[in-house]
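Report on the following structure.
The values are calculated or read from the model by the stated rules, or taken from the named source; none is laboratory data. Everything numeric in this text was worked out from a predicted model, so none of it was measured. Just so you know, the surface numbers come from the protein's heavy atoms only, side chains and all, with ligands and any DNA or RNA stripped out. Shrake-Rupley method; radii C 1.70, N 1.55, O 1.52, S 1.80 Å.
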Amino acid sequence: MDRDHRAARAELLAGLRLDRVAAAAAATAGELPAYRGLDEEETVGELLAVMGTALAALAEGRAPSDRERAEFTDFGARRADQGVPLEPLLEAFRLTSRHAFDALYAAAGPYESAVALALTRDFWLCCDHVSAAVVDGHRRRGTERLRDGEERRALLLGRLLSGELPPDGLPTAVRLLGLDPGKEYLAFHAAVAPGHDAAAVEATLREHVAARLVEPAAGRVAGLVESGRIGSPAVPVGLGRALPLSRAHESYRQARRAGELAAAFGLRRPVTDGELPLHAAVLALPATGEELVDRCFGHTSGNRRATLVRSLDAYLTAEANAEAAATALYVHPNTLRYRLRAFTRATGLDPGRTEDTMLIWWALRHLEASTGPRGTPGGGGTTG
């Protein structure tokens, strides 16, 4: 880099408002669930320190020094101490890099293209160095935390469920988690909806399970349970097959699929993988669901639509028994029959005909998964 380019680069970087970049990056990262508990002012200060250090290396067109890399490593370790998992940390780093690059790009306008291009190249190389050091610090601290009782057990269980636990670590994990190496266990997964208390979900499951992992930031309570011991917790929970502990990650993949399905439809009971193939198809084919919702309910809206949705759902749940459905709805059977006849006149679909029933059921389940029962976001229904 010649002297003129070096001087232009230094001048350009000196004019960057890092305080504004840090504030914008902290605000954006604060929208990530894992960062919502962090103090924004403190986060801004940490980002300013890291960016200032990175800027010093960038201004000289060199890789960060050992001292500078140590600062980035410490930053990653602090995030681990604050309970921020690695994936959200990397997402926040990506967002911060984007804010910094946008500021750099705006400031580079008056300068020669050669200066701007070289600086852009070095900027992303510098980001690679910083990212690698931050990840290293986070992972090192995670390894250190394995030494601490409950945190160690949680990390071991998380690695066992994810398949990241090496085979030679299995005996230690089994011993510390209090599991029987000769038994087969089912993995379970309970998805925790935004705004809900993971600890409350964990308390509901506590008496039923052999080992559990509570991760509010990831929105899950997960773990292992012996066959026949899950009982009937009143929360949506997915179960995998009973497998040896060396294959717990396979069982957990099944449990996660089933748990997300149970949560989407508000099925407050244990659901096994593959148990509800039609519900899974509803989630997998949202465009089909939208088409069927339009066909079944496109002729109405507002309260009239909500009433019709409740009426049809109750009728199908009661297996086409108008009297039973009317009782559940607190209306006269003739009132319900009138609604059903009006529905058939408007759509040509007969809730008493098997093929039409399937179309109506699909539309109802799509509404349930996307908006919750009775139009309440994130609700969860009653029809299994």
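What is the chain by shape, rounded, prolate or oblate, if you read a ≥ b ≥ c off the alpha carbon gyration tensor as root eigenvalues and call it rounded for a/c under 1.5, prolate for a/b larger than b/c, and oblate otherwise? Walk me through the numbers on the way to the answer.
Details: a/c = 3.26, a/b = 1.63, b/c = 2.00.
Oblate, since a/c reaches 1.5 and b/c is not below a/b.
Shape class of segment 295-360 from the alpha-carbon gyration tensor: oblate, with a/c at 1.5 or above and b/c at least as large as a/b. Along segment 46-53 the Karplus relation, 6.51 cos²θ - 1.76 cosθ + 1.60 evaluated at θ = phi - 60°, assigns HN-Hα couplings of 5, 5, 4, 5, 5, 5, x, 5 Hz to successive residues, with x for each Gly and Pro. Averaging the sequence gap over all C-alpha pairs within less than 8 Å and six or more residues apart, then dividing by the number of residues, gives the chain a relative contact order of 11 percent. Under a Gaussian network description of the chain, with springs only between Cα atoms under 10 Å, the residue in 139, 253, 17 that fluctuates furthest is 17. Between 0 and 90 degrees, rounded to the nearest ten: what's the tilt of helix 333-347 against the longest Cα principal axis of the chain? The answer is roughly 60 degrees. Counting only protein heavy atoms and a 1.4 Å probe, the chain has 52 square angstrom of accessible area per residue.
With all protein chains in place and a 1.4 Å probe, the accessible surface of the chain carries 52 percent carbon and sulfur. Between the C-alpha center of segment 15-55 and that of segment 253-320 there is a gap of 42 Å.
Based solely on its DSSP helices, what 222 nm [θ] is calculated for the chain when runs of n ≥ 4 H residues each add -39,500 (n - 2.57) and the sum is averaged over all residues, nearest 500 deg cm²/dmol? Numbers along the way, then the final one.
On the way: 16 runs with 240 residues, N = 384.
It comes out at -20500 deg cm²/dmol, rounded to the nearest 500.
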